[in-house]
Amino acid sequence: MNVAVPLTMIPQADPGAAYRAHTGAIDAAIARALDSGWYILGKEGAAFEAEFAAWLGTTHATGCANGTDAIALILRGMGIGAGAAVATVSHTAVASVAAIEMAGATPVLLDIDPVHYTLDPQELDDLLRDPPAGLPPIKAVLLVHLYGQAADLDAIIEITQRHGVALIEDCAQCHGALWHGRKLGTFGVASSFSLYPTKNLGALGDAGIIATNDADLAARIEALRQYGWRERYVSDLVGVNSRLDELQAAVLRVRLPLLDAANARRRAIAAQYSAVLGTAAPALRPGVEHVFHQYVLRRADRAADQAKLRALGIATAVHYPMPVHTQAAYSGRVALGPARCRETETACSQVMSLPIHPELTDAQVHRVTAALATL
Ligand SMILES: *Cc1c(COP(=O)(O)O)cnc(C)c1O
């Protein structure tokens, strides 16, 4: 009789481990917020906003309910809605595209550079030079820095400036990543950060934050996140309810000072994987400090490799299995750029994400590298 040896699975993501690594400090912060008797938009939220802005290097940061709302609030604050189009990629969390439509604007989805999985600057230039008939005027580019690494900022900044189009950064996956020494999220008019539990900086529930150096835009966003209030119960703008609560802000204040070390740990784990994988390792863009929100491989036979790793007790994930433009909610309806997202479709059929969270033990990392050597 065969007796199966129980093999503990290494999860692809592990928000529980992130909590367990700092229970004392997190529990104390939550107790402090509970004791305060003030649960929404109070001292913890204001302190977190100030600390986040100081860490990032912007003059303003405004908390909100999640990273999707953060994008929609930026667009609304900029007056980009019905009658305007916003260019972004199809190779992203559906949230990027959903947020554009939440603001009332029309998304137009472009292809990626297949090596770094971020917006192809050449196609952006082509689109802005010759926009498709019937598309509303393109007012902004929502630039997604996917998996923890910067898009081609030099090219994209030059193109958006030349065409007079605003640049907004979707930083949901790149908290702390650098472009030639400067933090992502400081290049556009404004930037959005999701603080969902598995992001590099995560709450213990939903949360998001918006950063900008534009004081007027920050003031509009601050009003828009709370019914457009000028003062309590008096709305100057048509707003929404998208507030950051005090419990999440208190947790985030514990985690923000730990972020740079957590990102360094992700990079150290990535370096060990890449040493085994050689040319199959993900490409690093020169001049970029990657924060490895995901460690993504491309595999011709993904299903077989996932099964092999699963048998060795290693969970993998796919970010993302379907491009936004092929999903039922968007297919046949959403506008595409001239490249028709062909590289995106190929990437979605091949990408595979390994476990990379900073709480992985050295023994777990060793199990993954040993398994990778068998692929
Ligand atoms: C997670 C994510 C979002 C959405 O954030 P939520 O907090 O889940 O609303 C937006 N864009 C990208 C690229 C993301 O990864």
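The values are calculated or read from the model by the stated rules, or taken from the named source; none is laboratory data. None of the values given here were measured: they were computed from a predicted structure. Cβ atoms come from the backbone with ideal geometry, glycine included; neighbour counts cover every protein chain shown.
Kindly state which strands (runs of 3 or more DSSP E) lie completely within the range 83-188 and contain at least 1 residues that are under 13 Å from the mean Cα position of the chain (by Cα) and charged (D, E, K, R). Outline the logic, then answer.
Working: elements: 85-89, 106-110, 138-144, 166-170.
So the answer is 166-170.
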Task: Filter pass, residue 225 being under 30 Å from residue 31 (Cβ atoms), in contact (Cβ under 8 Å) with a residue 60 or more places away in the chain and not assigned by TED's automatic domain parsing to the domain that holds residue 65 - done: no
Task: The listed residue being away from the ligand (no atom under 16 Å from the Cβ) and either at positive phi or outside the structural domain of residue 226 (by TED's automatic domain parsing) (or both), out of 24, 37, 81, 42 - done: 37
Task: Residue list for the range 96-106, restricted to those being within 13 Å of the ligand (Cβ to nearest atom), surrounded by 23 or more Cβ atoms within 10 Å (Cβ to Cβ) and not polar (S, T, N, Q) - done: 97, 99, 100
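Determine, yes or no, whether residue 203 is in the same structural domain as residue 40 (by TED's automatic domain parsing), within 15 Å of the chain's Cα centre (by Cα) and more than 12 Å from the ligand (Cβ to nearest atom).
Numbers: in the same structural domain as residue 40 (by TED's automatic domain parsing): yes; within 15 Å of the chain's Cα centre (by Cα): yes; more than 12 Å from the ligand (Cβ to nearest atom): no.
No, not satisfied.
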TODO: Might you check whether a residue that is surrounded by fewer than 16 Cβ atoms within 10 Å (Cβ to Cβ), farther than 28 Å from residue 102 by Cα and in contact (Cβ under 8 Å) with a residue 24 or more places away in the chain occurs anywhere in the range 315-328?
DONE: no
Open item on the list: With the condition being closer than 30 Å to residue 23 by Cβ and at pLDDT 95 or above, I'd like the helices (runs of 4 or more DSSP H) fully within the range 213-287 carrying at least 2 qualifying residues.
Closed with: 246-255, 259-277
TODO: Report, by residue number, each residue of the range 255-282 that is of a type in the set (A, V, I, L, M, F, W, C) and within 23 Å of residue 201 (Cα to Cα).
DONE: 256, 258, 259, 261, 262, 264, 268, 269, 270, 271
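If I filter the range 189-199 down to residues being within 16 Å of the ligand (Cβ to nearest atom) and outside any strand (DSSP E or B), which single residue comes out as surrounded by the most Cβ atoms within 10 Å (Cβ to Cβ)?
Start the filter on the range 189-199 by keeping residues that are within 16 Å of the ligand (Cβ to nearest atom), which leaves 190-199.
Now restrict to residues that are outside any strand (DSSP E or B): 195-199.
Details: 195: 32, 196: 20, 197: 18, 198: 14, 199: 22.
By that ranking, first place goes to 195.
Taking the criterion of being under 26 Å from residue 197 (Cβ atoms), away from the ligand (no atom under 16 Å from the Cβ) and in contact with a strand residue (DSSP E or B) (Cβ under 7 Å, 6 or more places away or on another chain), would at least one residue in the range 122-129 satisfy it? Give the steps one after another, and end with the answer.
As a first pass, look at the range 122-129 and keep what is under 26 Å from residue 197 (Cβ atoms): none.
Scanning the range 122-129, I find no residue that is under 26 Å from residue 197 (Cβ atoms), away from the ligand (no atom under 16 Å from the Cβ) and in contact with a strand residue (DSSP E or B) (Cβ under 7 Å, 6 or more places away or on another chain), so the answer is no.
Just to be sure before I move on: is residue 170 away from the ligand (no atom under 16 Å from the Cβ) and outside the structural domain of residue 346 (by TED's automatic domain parsing) in the structure I sent?
On the way: away from the ligand (no atom under 16 Å from the Cβ): no; outside the structural domain of residue 346 (by TED's automatic domain parsing): yes.
Here the answer is no, as residue 170 does not meet what is asked.
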